[in-house]
Amino acid sequence: MAELLTEMGVEFEYRSVNRDPAARREWEDLDGERLPMLRMGSVGIVRGLDRIKVQQLIGWVGC
């Protein structure tokens, strides 16, 4: 996911659920099912590495 966002020129904050207890709690509160997970504020969430959904979330392709 980080590589995809970097390739697209998107600024992001990387948080590891394995190393950051606060990130783990937040992930578990969201559902705790699948990684990677991309959350864009309250706009949306993409679970797993789905290039099309990421592009839709940031407005690169039509929904």
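The values are calculated or read from the model by the stated rules, or taken from the named source; none is laboratory data. Every value quoted in this text rests on a predicted model; they were computed, and no experiment measured them. Positions of Cβ are backbone-derived with ideal geometry, glycine not excepted, and every protein chain shown enters the neighbour counts.
Numbers below:
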item	result
Odd one out for residue 16, checked against (1) modelled with pLDDT of 90 or more; (2) surrounded by 13 or more Cβ atoms within 10 Å (Cβ to Cβ); (3) among the small types (Gly, Ala, Ser)	(2)
Residue ID - farthest from residue 8 (Cα to Cα), chosen from residues in the range 20-35 that are surrounded by 15 or more Cβ atoms within 10 Å (Cβ to Cβ) and of a type outside the set (Asp, Glu)	24
Sole exception among (1) touching a Leu at 6+ places or on another chain (Cβ under 9 Å); (2) of a type outside the set (Lys, Arg); (3) without any contact (Cβ under 8 Å) to a residue 12 or more places away in the chain; (4) assigned to a loop (DSSP other than H, G, I, E, B) for residue 16, by number	(1)
